[in-house]
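What follows is a set of notes on a single structure, which appears directly below.
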Amino acid sequence: MPPIDDILTGLLYLAMIAVVAVLAFGIINLYRGDEKARSRSNKLMRLRIVLQFSAILIIIAIFLVRQNFGG
């Protein structure tokens with residue numbers, strides 16, 4: 001079983017990729033002119049905020065693991 005530090009680092013990479021992907025979809029959505037674009041932009045912004053918050057929590061967890069367990 002890999003150390004918890006490696007697992008958290010992998011999760012952090014996934015969270016950062018997800019943030020970038022949602023941000024890219026949001027930017028692409030800005031240039032669409034359909035009637036659902038505003039609603040979709042709002043949902044994408046909310047999702048991006050949740051993903052950024054989860055990435056911050058993972059960063060905090062990595063710091064705590066490294067501080068307490070020397071990982």
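So which residues in segment 3-46 are over 27 Å from Arg66 (Cβ atoms), without any contact (Cβ under 8 Å) to a residue 12 or more places away in the chain and in a helix (DSSP H, G or I)? Selection gives Ala21, Ala24, Ile27, Ile28, Leu30, Ala37, Arg38, Ser39, Arg40, Asn42, Lys43, Arg46.
Take Asp34 and decide whether it is loosely packed, with under 12 Cβ neighbours inside 10 Å and of a type in the set (Asp, Glu).
Taking the combined requirement at face value, the residue satisfies it.
None of the figures in this text is laboratory data; all of them are computed from the coordinates on show. It should be emphasised that the depicted structure is a prediction, and the values quoted were computed from it without experimental measurement. Please note: Cβ atoms are built from the backbone with ideal geometry, for glycine as well, and neighbour counts cover all protein chains shown.
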